[in-house]
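To keep things clear, I will list the structure first and then write my remarks on it.
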Amino acid sequence: MSQTKFYGVLAYPAKHSLSPAIHNAAFKALGLEMQFDYFEIPENELVKFMNYVKQEPVSGLAVSLPYKEVVMNYINEIDADALKIGAVNTVVNKDGILYGYNTDWIGVLGALKEVVEDIKGKKIVVIGAGGAARAVIYAALKEEAEVAIYNRTAEKAHKLADYFGKLFKVMVGSGSLEDMLKDSGEILINTTSSWIINKNAKLEELMPEDYVGKFKIMMDIVYKPLVTPLIEAARKRGLGTVTGDKMFLYQAAEQFKLWTGKKAPLEVMGAVLVKKCR
Ligand code: ATR
């Protein structure tokens with residue numbers, strides 16, 4: 001009888017996800033009897049699907065949009081970091097009991113650590129106040145960085161600042177981008193979906209090009225395109241850059257560890273990603 005264990009990405013839509021390619025390559029590299037599929041589940045079938053998962057044909061899930069929050073209703077035990085972020089992107093199924101984790105914030109730190117050893121005390125400006133921003137802000141605050149949040153809709157930035165200000169004993173600012181940049185930030189992280197929504201979006205939609213020079217490091221969490229207008233502008237000025245594939249890679253590596261108990265083959269996974277993001 002086959003001992004193959006099944007995993008998959010729960011999302012809607014799901015077919016564009018890079019998770020199957022990266023995880024199947026990692027399973028294969030370590031010779032594991034594990035297979036990773038797509039679970040493209042419409043919202044009205046989510047209850048049925050999660051009940052099916054609990055019956056154990058599926059040993060684990062990567063959870064993507066739009067289910068990172070709602071999936072928490074089906075999890076038996078949610079880890080402390082995921083609870084504070086308010087989203088689960090990884091599910092481990094142990095004998096029908098579902099455990100929920102968030103590896104996105106670990107992905108943020110892994111990616112940043114490629115260019116900056118320690119972010120403690122560093123000033124980080126986060127652009128955007130959606131779901132993706134939550135993991136980024138959480139990661140930065142947990143490492144004791146100083147965070148400023150800027151968002152097109154100011155009200156959402158203030159809400160997030162209030163929320164995280166209650167969890168951490170550090171300053172979380174929010175306001176105009178210009179004010180945030182007065183004393184110059186060190187790291188800027190774009191978490192908005194502007195390049196995803198509009199493939200021809202220009203940097204100016206997000207921020208004036210002049211502001212780029214006020215930073216030392218620019219990170220974008222978008223990986224398609226790999227070189228976003230923000231990354232392009234930063235490279236032109238010789239700044240340090242972190243592309244979105246890195247966050248994806250490190251969050252996937254942590255998922256792999258949660259499912260297998262083994263260290264992820266980072267090089268194999270990274271090579272798949274670079275090929276897919278081209
Ligand atoms: P996600 O879960 O991927 O973060 P989201 O919750 O829909 O997605 O949030 C998208 C973020 O991108 C928001 O901060 C949004 O700004 P608003 O709150 O003002 O809507 C931001 N965003 C999207 N398109 C943008 C654009 N063209 N310029 C600036 N910000 C944009």
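The distance between label points at residue 56 and residue 37 comes to 1.8 nm (points 7 Å beyond Cα on the Cα→Cβ vector).
Entry note, the chain: relative contact order of 17 percent, from Cα contacts under 8 Å with a spacing of 6+ residues. Gain on full extension, evaluated as 0.36 nm per residue between residue 116 and residue 176 minus their Cα-Cα distance, stands at 19.0 nm. Tell me whether region 100-145 comes out rounded, prolate or oblate; compute the Cα gyration tensor, take square roots of the eigenvalues as a ≥ b ≥ c, and use a/c under 1.5 as the rounded threshold. Oblate, because a/c is 1.5 or more while a/b does not exceed b/c.
Tell me what the chain gives for mean residue ellipticity at 222 nm when only DSSP H runs of n ≥ 4 count, each as -39,500 (n - 2.57), the sum divided by the residue total, rounded to 500 deg cm²/dmol. Working shown, then result.
On the way: 12 runs with 111 residues, N = 278.
Value at 222 nm, helices only, nearest 500: -11500 deg cm²/dmol.
In this simple spin-label approximation, residue 73 and residue 153 carry label points 7 Å from Cα along the Cα→Cβ vector, and these lie 2.1 nm apart. Select from 153, 259, 191 the residue farthest towards the positive end of the dipole of the chain; place +1 on Cβ of Lys and Arg, -1 on Cβ of Asp and Glu, and compute about the Cα centre. The listed residue farthest towards the positive side: 259. For the chain, compute Rg over Rh where Rg is the Cα radius of gyration and Rh is the Kirkwood radius from the inverse mean 1/r over Cα pairs. That ratio is 0.97, to two decimals. Each residue of region 94-108 was assigned a 3J(HN,Hα) from its phi angle through the Karplus curve 6.51 cos²θ - 1.76 cosθ + 1.60 (θ = phi - 60°); the sequence is 10, 6, x, 9, 9, 10, x, 9, 10, 9, 4, 5, 5, x, 4 Hz, with glycine and proline shown as x. Within the same chain, lysines fewer than 8 places from residue 28 are excluded, and of the rest, those with a Cα less than 18 Å from its Cα are 5, 257, 262, 263, 275, 276.
So, counting K/R as plus one and D/E as minus one, what does the shell of residues with Cβ under 13 Å around residue 12 add up to? Can you show the working numbers first?
Working: positive: 15, 68; negative: 40, 43, 45.
Here the charged neighbours net out to -1.
FYI, it's all coordinate maths here, none of it is from the lab. None of the values given here were measured: they were computed from a predicted structure. Please note: Cβ atoms are built from the backbone with ideal geometry, for glycine as well, and neighbour counts cover all protein chains shown.
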